[in-house]
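Some notes on the structure that comes next.
Values quoted throughout were computed directly from the atomic coordinates according to the rules given, and no laboratory measurement underlies them. Being a predicted model, the structure only gives us computed values, none of them experimental. All Cβ positions, glycine included, derive from the backbone under ideal geometry; neighbour counts span all protein chains shown.
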Amino acid sequence: MNANTHPCSLDENSPYVEYAVEILSLLADATRVRIILALRGGELSVNELAERLDKPGPSVSQHLAKLRIGRVVACRREGNRMYYSLANEHARKLVADAVFQAEHALEVEPAHHRARTASLQHADQNQDERS
């Protein structure tokens, strides 16, 4: 696709707003969010996902079908097994940001901020040791 013919418009007149709402609606399900979180590490089969999520395989398959139709996940067949992966990095980031926003809503100092603070402190200590 040519970037000049379909610019990404991030304002209120974006032609993608309606589809963005469909994507958000698609992700408004805890099982689907968990599927995306599980797929951050790479490709998984339906059975592997079902086991990780402690859900029945047919239920996971139905959720994956909806995510595939929405182009959030991609799949490939190997024999009689289907393997799923994230279609692109945007779903991963969208879900991560939603979880981070939830942390902000529920905690005074969200876990992702504590982790970043600890990481920065560790980097500062390493810099001090090298100086």
Next item on the list: Compute the distance in nm between two label points, each set 7 Å from the Cα along the Cα-to-Cβ direction, one at Arg76 and one at Glu12.
Entry: 4.5 nm
Notebook entry, point to check: Long-range amide H contacts for Ser45: which residues qualify at under 5 Å (H placed 1.01 Å from N, peptide plane, sequence gap of 5 or more or a different chain)?
Noted result: Tyr84
Note to self: Among 73-81, 61-69, how do they line up by average Cβ neighbours within 10 Å per residue, starting with the highest?
What the structure shows: 61-69, 73-81
Notebook entry, point to check: To the nearest 0.05, how large is the calculated FRET efficiency for Leu106 and Ser59 if R₀ is 30 Å and r is the Cβ-Cβ distance?
Noted result: 0.65
Next item on the list: Please give the peptides 12-23, 37-48 ranked by average Cβ packing (other Cβ atoms within 10 Å per residue), highest first, as a rough proxy for protection.
Entry: 37-48, 12-23
